[in-house]
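Taking it in order: structure first as structure tokens, then the write-up.
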Amino acid sequence: MSSYPTTNILPVLAQSDIFQAASLIQQAYSPTPHSAQSIQSIQADLLNIQKRPEAWGLVEPFLEWDDGNVQFFGAHTVQVKIARDWDEFPEDRRGALKDLLLGLTSRAISARRNKIIIRKLFIALTTLALKLAPTNPSGWPDWIRDAVSSLERGGAEPSSILEFLSIVAEEITTADLLPGPKARMEQSLIDFTPTLARAVRNSLTLPSVPSHELISALQCLESWIGWGLPANDLTPLIPLLISLLDSGPGTDPHSGSILNSGSEGAFEGVFEAASRVLGEVLGRSTLSDGGGVRILTVPLLEWIHRRGMGIFNDGIECTIIAPTSHALLLLLTALADHSTSYISTHLLSPPVQTFLRLMLAYMGLEGYYGVDEEESEMCLGFWYLLQEGIWGADFVRGRFGDSEGNVDDEGGGDAKEQWKIATELYMHLIKILKRKVQWPPREELRGWMKDQRDKFNVYRRDVGDTLINAYYILRDDLLQYYVDCLIAELAARREGDPWEGVEATLHCISSVQESVPLTPNPHLERLFSSEVLGRLPGGDGREAVRKTAVGMIGAYATWFTLQPTPLLMTVLSYVVSALTSSSTPTPSSASSPNINAPARQPTSVEQDLLILSAANALRDLCDANRGVLARSGAIAGFGELYSQIGGIPDTEKAKVIESIASVVQALPVEEQIGPLEAIVSPVVGRIWEALRDTSQLPLDARALLICQLEALTGCARGLTQGSENTWILDEPSPQEAEELERARGDERMRRVREGLVGVVEGVLGVWGGDAGVGDSLSDLLKAITSLPSDTTLLTLPAPPLLILISSILSTPTPTPPSAIYISLLSRLILQLNPPDFGTLKGGGSEENLGVLVRVLPGVLEGVLGFLGGVGVMDDNPDVVRALLECLEMVALHFVKALFLIPRVALDAVMRFAGAAMGMQERYSLVAACLFLNSLINQVLGNSDLEAEAEILTEGYGKSIMRAVIYDIAGVAPRSALQNVVEVLTNLMSKRRERGRVWMQEILFEEDAIPGKANREAKEQFLKAVTASRSSKKTRDAAQQFSIIARGLENSSFGYATLA
């Protein structure tokens, strides 16, 4: 170790202590292998050393050590001590510390220490300035200029000064300061800005400037732009930045020798740095909103016109994109974001056309995204911006208000030429995108890693969004191009030709579906005819292209609603064949789906995915076109499909049943009875078989049970209103209601519903504690219960199900109560009080209230009995939240039930809500606030509930107020403060005088509330809340009190993170 000076500014430690600490650092970074436990122990020891006040004494000797790791620890220690332990440093030595740190930094620069160490010292200097400079009076006036002068006197090169100034801007931008000190530090940057601009200009213009200094100047300018360099100082530098883009290896655009290195690497470094700065100007400066067209946009486009294509061509000669070419692309995308408006209105300009050709060139890079290149994805966002810009241009009439994309004739020839260029541009784009989304041959794909496949899949979806933008420009021309391509590809195919190109075309057509209007379209009619579908592969191992095809059909399901029925039958036959058969489909325009092929079991993951896609497509087709299918007589074909359901994987059977049920729903209600009985009765029978087999084969029985419950759920969902009728909001007509009630009274339907209730009871009795079965049963009950307007033949009444679910929650078990069943209970309580369509108010009967009063005490005893243990609520926040939401539903719809149950049960509810108000888990705390708010509103705001209001006020009002005040004072996480304040506002608005008394008693009681609020803060809080007549003033007072109570009064964090 070299000798080091000692001063009286920092503690002086014994050399043995210094050597011991240095030895620990060297052990931590030693190449000799250490166990994980040993490394953790060393790191803990170093952290403890750094926390001690004596650690200040390590800074100077460590910075003079021979080992770079020890030097870095010394630099890191001084920065950490200044940031975290500043208050412990003597005030009378703080000025001297500044001089010492400046001297240590200068010595480190002179000794050519590692740049990481010097950078850490620069950060320490800036951190020290953040402590000294913004005080009043300032402890370090004009600190930037003073620090720069000191470093210059110490022999620092201009590149080091520029690096320091770069860190100054970065650190002050992100500094956590109160508004006053923050403004003073910002002013210090503003005051130094002219000097900074001159320094950067000198580095950019003086001859024989070393490349590393030039790069430092550019990096410094980038940081100051990110801070907010004023436009007056920035604008004169823009031409210099653009001129640097023209510098080649060993050349100087100003004097011929600016790089002074003659190396390709130096050129790349300068070019990349200059392009990054320009990107910052385009994206984050005062010109980032599209300003500076003459000084920024036009010169950049002209430079791109001269040099861009050459850089691109040079860059693609490598196996990967060269850094210079990548930097050019970053500049192009930044310019695209900044200047879209200019570009979209100057399509005839040669520089703009060169820019667009470059964007297409990068978009169309050879190879596969995520494997061979990463750049094409960066261009996708531009095409959306350009499409929006073209829509807003003067040469396009009314932003396609006529849906035809007509060009404004008043624009003359230029307008038509610009529109022609726009359409040609996007036509070229869709050709490129078709190629870019094509999967590689199967042999090559097998060599891809999973993350590469996933990345490429995401890329294909992103390309789909870009295709939508292209559709808004090209409209039917896009569909015509892709359909023509598809037909040509299928016509030219030979045995053994790959299908990847066909699959890519189908994917592109599918991607634009959401933008295609639901009107007749000759290109789609060709696409969905047997001319195309009949030529797609069958069961020959080409499941990928079939999967995309059926997915495309499912995407266009709503389009078929207004099309000729034979077209719908053609696609339906294709989907059904993909679902049930591996043989080549032969679509026809028959009146029912072709489903007579033998069933088969999937033999590969690809086949499973195909069946999944086919099941989804079938469901979407049937849901969107149920009326057409029912009227066409296709129900018989679906009956045959149901008879073959055994050959379909269990995971997709529910979707097939849902599809069939959706078509059944479109039949006259009397005609639904037979098909529904045929669907539901066998499923119910298999559920009872599974329950009987539970003791012998529990795993098999469970799997079968879940599958059958999902099948019933699918059937119930299929019977709900389809997408054809989503616009219908009225309740059924009297005639429809009478027909439905008559059909529900049919003996066959009564038996079916009784069987469903029996199944629910049986499943709860055997598998009530199983989470997976509980999920499936919950889905079934949600689908099979409804409000009166959505009643179907299978809809079950809420009361008997409520009793069954309550019984399972009332039964003590060693495992936690199911949050799923509690949530289901909330839904059933809502259905006990359905809204009246005339008044939109609940219409719950006294009978339903009686049912709830009977079952609620048992539920509360079972669930609250479990949650009463120490720490149990914190360990089961899902149960806590579900119960609070259930209680909120009771308060909203049957609030009298809470006062009709035994008083001990109500006491338990209110204790539970108060305990939940003290939880740190935000969702449970918010649920407690919502319950209390609903309870206060329903009881204290209802003149018909005077007795209940008295019980709530006298029995629980003060405890609610205590929980609220404790939360505001620091118990609750700050993210939930707004919800807590709403309870306070609500309670004070309903019981102001009592609330004032409660607040005074709680705030000033002997057992002080948590937090650091003094008596003055409490008095101000009490006065502000009791005097407030608006929720905003109450909220402001509560937030101010919360900041004081949490000890955040003088921190920027406290005010910056107000709830």
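The values are calculated or read from the model by the stated rules, or taken from the named source; none is laboratory data. Quantities reported herein were computed from a predicted structural model and do not represent experimental measurements. No Cβ is skipped: glycine too gets one built from the backbone with ideal geometry, and neighbour counts run over all protein chains shown. Each accessible area value is taken on the protein alone, full model and side chains, heavy atoms only, with ligands, DNA and RNA left out. Shrake-Rupley method; radii C 1.70, N 1.55, O 1.52, S 1.80 Å.
The packing ranking of peptides 86-93, 784-791, highest mean first, is 784-791, 86-93, where packing means the average number of other beta carbon atoms within 10 angstrom of each residue. Identify the residues of segment 909-952 with backbone N under 15 Å of a label point that sits 7 angstrom from the Cα of Arg992 along the Cα-to-Cβ direction, or state none. Within reach of a label on Arg992: no residues. Modelled spin-label separation between Asp99 and Gln20, with each label point placed 7 Å from Cα along the Cα-to-Cβ direction: 3.3 nm.
Once you have the Kirkwood Rh of segment 660-779 from its Cα pairs, apply Stokes-Einstein at 10 °C and 1.306 mPa s and quote D in µm²/s. The calculation lands on 101 µm²/s. Figure legend: label point modelled 7 angstrom from the Cα of Arg201 along Cα→Cβ; residues of segment 275-296 with amide N under 18 Å from it are 295-296.
Fully extending the segment from Asp693 to Asp92, taken as 0.36 nm per residue of separation minus the present Cα-Cα distance, adds 207.9 nm. The label point for Leu609 and the one for Ser530, both projected 7 Å from the Cα toward the Cβ, are 3.1 nm apart.
The order of Asp907, Asp874 by accessible area, most exposed first and with a 1.4 Å probe, is Asp874, Asp907. Residues of segment 1014-1038 falling in the label zone of Gln1000, defined by backbone nitrogen less than 17 Å from a point 7 Å along Cα to beta-carbon, are 1015-1028. Ranking Asn937, Ala949, Gly970 by Cα position along the charge dipole of segment 902-1058, where only Lys, Arg, Asp and Glu carry charges on their C-beta atoms, puts Gly970 farthest toward the positive end.
Quick one: net charge of Ile805's neighbours, Cβ under 11 Å, K/R +1, D/E -1?
Result for the local shell: 0.
Once backbone amide H atoms are built at 1.01 Å from N, Glu373 has Tyr368 as its partners under 5 Å, excluding neighbours fewer than 5 places away on the same chain. What separates the Cα centres of segment 558-580 and segment 67-83 is a distance of 71 Å. Restricting to DSSP loop positions (anything but H, G, I, E, B) with no more than 13 other Cβ atoms inside 10 Å of their own Cβ, which GluC sites (Glu not before Pro) remain in segment 284-387? Counting only loop positions with at most 13 other Cβ atoms within 10 Å, the GluC sites (Glu not before Pro) in segment 284-387 are Glu317, Glu366. You can think of it this way: the chain between Asp142 and Thr813 has 234.4 nm of extra reach, that is 0.36 nm per residue less the Cα-Cα gap.
Ratio of Rg to Rh for segment 117-190, alpha carbon only, Kirkwood? Don't jump to the answer; show the numbers that get you there.
Values: Rg = 11.9 Å, Rh = 12.5 Å.
Result for segment 117-190 is an Rg/Rh of 0.96.
Can you compute the helix-only [θ] at 222 nm over the chain? Use -39500 (n - 2.57) per DSSP H run of at least 4 residues, normalise by all residues, nearest 500 deg cm²/dmol.
So the calculated ellipticity at 222 nm is -21000 deg cm²/dmol.
Restricting the calculation to alpha carbons of segment 902-1058 gives Rg and Dmax of 15.1, 50 angstrom. For segment 494-525 versus segment 864-922, the inter-centroid distance based on Cα atoms is 55 Å.
Which helices, taking whole DSSP H runs in the chain, have alpha carbons extending 27 angstrom or more along the helix axis plus mean Kyte-Doolittle at least -1.0? Mind dumping the intermediate values first?
On the way: long enough: 179-205 (38 Å, -0.37); 264-284 (29 Å, 0.28); 412-436 (37 Å, -0.58); 450-474 (35 Å, -0.85); 605-624 (29 Å, 0.56); 673-692 (28 Å, 0.78); 698-718 (30 Å, 0.62); 747-767 (29 Å, 0.18); 846-867 (31 Å, 1.13); 946-966 (28 Å, 0.07).
Span-like helices here: 179-205, 264-284, 412-436, 450-474, 605-624, 673-692, 698-718, 747-767, 846-867, 946-966.
Assuming R0 = 60 Å, what is the FRET efficiency of Glu417 and Asp85, from their Cβ-Cβ distance, to the nearest 0.05?
0.30
Sorting Trp419, Trp143 by accessible area puts them as Trp419, Trp143; the probe is 1.4 Å, largest comes first, and only protein heavy atoms count.
Pairs from the list Lys51/Lys1018; Lys455/Lys782; Lys120/Lys182; Lys455/Lys547; Lys450/Lys782; Lys115/Lys182 with a Cα-Cα gap above 26 Å: Lys51/Lys1018; Lys455/Lys782; Lys450/Lys782; Lys115/Lys182. Take the Cα of Ile39, step 7 Å toward its Cβ, do the same at Ile487, and the gap between the two points is 6.5 nm. For the chain, the Cβ-based charge dipole about the Cα centre amounts to some 1440 debye (Lys, Arg positive; Asp, Glu negative; other atoms uncharged).
Expressed as a whole percent, the accessible area of the chain that falls on carbon and sulfur atoms is 51 (1.4 Å probe). Cut-off under 19 Å on the C-alpha distance; same-chain residues fewer than 8 positions from Lys896 excluded. Which lysines are left, in chain and number order? Of all the lysines, those that pass the test against Lys896 - Cα under 19 Å, at least 8 places apart if same chain - are Lys841, Lys990.
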